[in-house]
Amino acid sequence: MKRVFVLGLLASLALPGLAHADSVSVAVAANFTKVAEALAPLFTAETGHSVSYSFGATGQLYTQISQGAPFEVFLAADDERPTKAVAEGLAVEGTVFTYAVGALALYSTSLDLSDGKAVLAADGFAKLAIADPATAPYGRAAMEALDALDLAATVTPKLVTGENISQALQFIETGNAELGFVAASQVVGKAGVWLVPAELYQPIRQDAVLLKTGQDHPAAKAYLEFLKSDKALAVITAAGYAAP
């Protein structure tokens, strides 16, 4: 699991509240990696706090949270696990909100995907990458799309499964799979992309929640408030997500 620590020292030095600056630990769905990293310095400049990220599949992160991992904020790739966290006493009631709505894309570095449905139906490839449907919401969405296209049985033997959406993208970019399903936000501005019609899968509403470990931590609360700000939403939508 990738881990990034952002200090934001230079920005903090300019802020009068430096003595009260702190760091927040945030568990983040892998598809949101680039956006979260882009938001970190903006958050530090805005609040003086720094942020420590841990990236992974939503299901894997939830397992870690349920086993006592010291995360204070959870940014999931679905709207189920944050609600479940509240129900199971792991998160603070009333703090769940949708921070982004994701889109599914089919991506290849070698194939013409101007008609992605036709490429999938033609079955002219050896490997198709997806994230693990059991733990990654984008992997589940990929299987829903394949089912809707009546192609699941045909392509299942060709699936290469990554533990999260970042690994699925890596399989494609390293040539271990000719094509694969990824988050549209991961391939913004790239060629070889087919946006999967939204009617083929359930909406990917990505929810955030304040975990019980962060309920008395000002930096954790500040991060969630920042995520709702116009400044943060501008970064999120520019990265290929729909606004909540």
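Residues whose amide H lies under 5 Å from that of Ala91, counting only those 5 or more places away or on a different chain, are Val86, Lys212; hydrogens are built 1.01 Å from N in the peptide plane.
What value, in deg cm²/dmol to 500, does the helix sum -39500 (n - 2.57) over DSSP H runs of n ≥ 4 give at 222 nm once divided by the residues of the chain?
Details: 10 runs with 87 residues, N = 244.
Calculated mean residue ellipticity at 222 nm is -10000 deg cm²/dmol.
When each full DSSP H helix of the chain is screened for a Cα extent of at least 18 Å along its own axis and an average Kyte-Doolittle hydropathy of at least -1.0, the helices passing are 33-47. Remark on the chain: Rg and Dmax equal 18.5, 62 Å (Cα only).
With the Cα gyration tensor of region 104-195 giving a ≥ b ≥ c as the square roots of its eigenvalues, does the rule (a/c under 1.5 for rounded; else a/b larger than b/c for prolate; else oblate) give rounded, prolate or oblate?
On the way: a/c = 1.29, a/b = 1.01, b/c = 1.27.
Verdict is rounded for region 104-195.
Once both labels are positioned 7 Å from their Cα atoms along Cα-to-Cβ, the gap between Glu37 and Thr156 label points is 3.6 nm. Take the residue pairs Lys84/Lys127; Lys34/Lys190; Lys84/Lys221 and return only those whose Cα atoms are more than 23 Å apart. Going by Cα-Cα distance, Lys84/Lys127 fall outside the 23 Å limit. Take the Cα of Ser229, step 7 Å toward its Cβ, do the same at Ala121, and the gap between the two points is 4.8 nm. Label separation (Phe97 vs Ala45): 2.2 nm, computed from points 7 Å beyond Cα along the C-beta direction.
The numbers here are math on the coordinates, done by the rules we state, and not lab data. The shown structure was predicted, so the numbers you read here are calculated from the model rather than taken from an experiment. Don't worry about glycine lacking a Cβ; one is built from the backbone with ideal geometry, like all the others, and counts go over all protein chains shown.
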